[in-house]
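As structure tokens, the structure follows; a few thoughts come after it.
The values are calculated or read from the model by the stated rules, or taken from the named source; none is laboratory data. Everything numeric here is computed off the predicted structure, so don't read it as measured data. Cβ atoms come from the backbone with ideal geometry, glycine included; neighbour counts cover every protein chain shown. For accessibility, only protein heavy atoms count, side chains too; no ligands or nucleic acids. Shrake-Rupley method; radii C 1.70, N 1.55, O 1.52, S 1.80 Å.
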Amino acid sequence: MAGLSGRCTTARLALLPSRVGARAASRGASTSAPAPAAFYDRLGAQLQQMEAGGTFKRERVITGPMEPRMKVADSAQPVLNFCANNYLGLSNHPRLVQVAQQTLATHGLGMSSVRFICGTQDIHKQLEDAISAFHGTEDTILFPSCFDANAGLFETILTEEDAVLSDALNHASIIDGIRLCKAKRFRYEHLNMADLEEKLIAAQGARSRLIATDGAFSMDGDVAPLDEICALARKYDAQVFVDECHATGFFGPTGKGTPEHFGVEASVDVINSTLGKALGGATGGYSTGRKEIIGMLRQKARPYLFSNSMAPAVVGASLEVFKMLKEGIAPVAELQVWRKASSFRATLRAAGFTVSGAEAHPIVPVMLGDARLAVEFADEMLAAGVYVIGFCYPVVPLGAARIRTQISAAHSDADLDYALDAFIRVGKAKGVIPP
């Protein structure tokens, strides 16, 4: 029998080269065949339409670190940066750079694995504990980004028996995360609590109801009324999820975000946020909240189970950020981000610009409407020494193009005055405001 088996194996091997060769030839023939021209013609035409309509996005090249005044390839001189999420001015803080370098030496470049296999280091657990302590929550789980945290949340904790109620202007990552789950979907009008209540009534037949909202909305700079949302959640036996990417670290009396701002920390069930904006500006996100939710995410969230762990150097630097916040090295009240944003917004309005957003939030959108105008306005601002970007469809709705400015604690009053002067000069030249 052994001999027969051996002869059969030999015979199979003898046939193998010809078969492999035939398959390789077949693959070669298929890959060398030209693709249908219509497919690429369609994509090319769409790109041309974007170019013609002013919605084509070009990436400016930065030739140094992220700072309030930085070097870009399109300018011979450093320019003032007014469009980064660097709210606390920590993106190139020397203390964080030093700790990142030290962690690189002690813990290596990367984990080459996901968390549950061999991707969990001591510092990953320490960072999760630090985030829980900061927010006053029961547990925390790290993700490669907050986009991943939002992508993993809804399908993990909701099924077709449940319902999710989402603000109409929620971030794209929340929208995509909701699309991945099978829960019944209700979209309520932006910040409209009467409409949210109607949707909660309509969803009463669901096993559970989850209200999903941004804390601060990234494109408009306005803030969800979390006190009213939490009151409605109590009334209709619902849970509350808040995305805090544009609030963590700098919004609220001690920087703990919109739940602290409205005094409803205990009423929010789960918070998703990022380490890539105010908290050092690198990368990484997290979910923090009730231990049952975090426990399920650790067991089932696909972006957590199938994505590499956060890089050790980023984890080490992020740990240092929470130490700095705890030590009060950069207390929110002294950073005066609120004062700066309020003054900046008031001056633009007085000059004749249409400005949206909450009075105290450092996102200050200058509404222009036309996409091409927004792009040209941003180009002229760069020529004047101020780096801003025109936002247009599909990032914002059609006809709602804008320049989104963002104030950093690292901006001096002189920086703000310079940017305001450039806005007014360019605004007059473009006919946006009266001469």
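Data table
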item: Estimated dipole of segment 131-178 in Debye, rounded to 20 [Cβ of Lys and Arg +1, of Asp and Glu -1, Cα centre]; result: 240 debye
item: Exposed-site-free run, longest, the chain (rule: GluC sites (Glu not before Pro); DSSP loop; at most 13 other C-beta within 10 Å); result: 162-358
item: Under the span-like rule (Cα at least 27 Å along the axis, Kyte-Doolittle mean at least 0.0), DSSP H helices of the chain; result: 2-32
item: Net dipole in debye of the chain [+1 Lys, Arg Cβ; -1 Asp, Glu Cβ; about Cα centre; nearest 20]; result: 1760 debye
item: Cα-based reach from Lys323 at 29 Å (exclusive), listing lysines while leaving out same-chain residues under 8 positions away; result: Lys125, Lys256, Lys277, Lys291, Lys340
item: Net lengthening on full extension, Arg179/Ala346 (0.36 nm per residue, minus Cα-Cα); result: 56.2 nm
item: Cα-projected label distance for Thr63 with Lys323, points at 7 Å along beta-carbon direction, nm; result: 3.5 nm
item: Max mean-square fluctuation residue, GNM over the chain, Cα-Cα springs under 10 Å, options Ser342, Ser166, Ser75; result: Ser75
item: Fully extended contour minus Cα-Cα distance, from Met50 to Ala38, at 0.36 nm per residue; result: 2.5 nm
item: Gained length - Thr120 relative to Gln98, 0.36 nm times residue gap less alpha-carbon distance; result: 5.7 nm
item: Dipole of segment 34-137, positive direction: furthest Cα of Cys118, Met70, Tyr40, with charges on the beta-carbon; result: Met70
item: Top positive-direction residue, dipole computed over segment 158-266 with Cβ charges, set Gly257, Phe186, Thr159; result: Thr159
item: Charge dipole (the chain, unit charges on Cβ, about Cα centre) - positive-most of Ile363, Asn81, Ser412; result: Asn81
item: Per-residue SASA entry for Asp227, accessible area with 1.4 Å probe, Å² rounded to 10; result: 70 Å²
item: Computed magnitude of the charge dipole of segment 91-139 (debye, nearest 20; Cβ of K, R +1, Cβ of D, E -1); result: 240 debye
item: Bridge type composition, the chain - antiparallel percent by DSSP, nearest 5; result: 55 percent
item: Value of [θ]222 nm, deg cm²/dmol, for the chain, DSSP H segments ≥ 4, -39500 (n - 2.57) each, nearest 500; result: -14500 deg cm²/dmol
item: Distance cut-off 14 Å, percentage of C-alpha pairs in segment 280-331 lying past it; result: 64 percent
item: Of Phe306, Phe353, Phe377, the one that fluctuates the most in a GNM where the chain has Cα springs shorter than 10 Å; result: Phe306
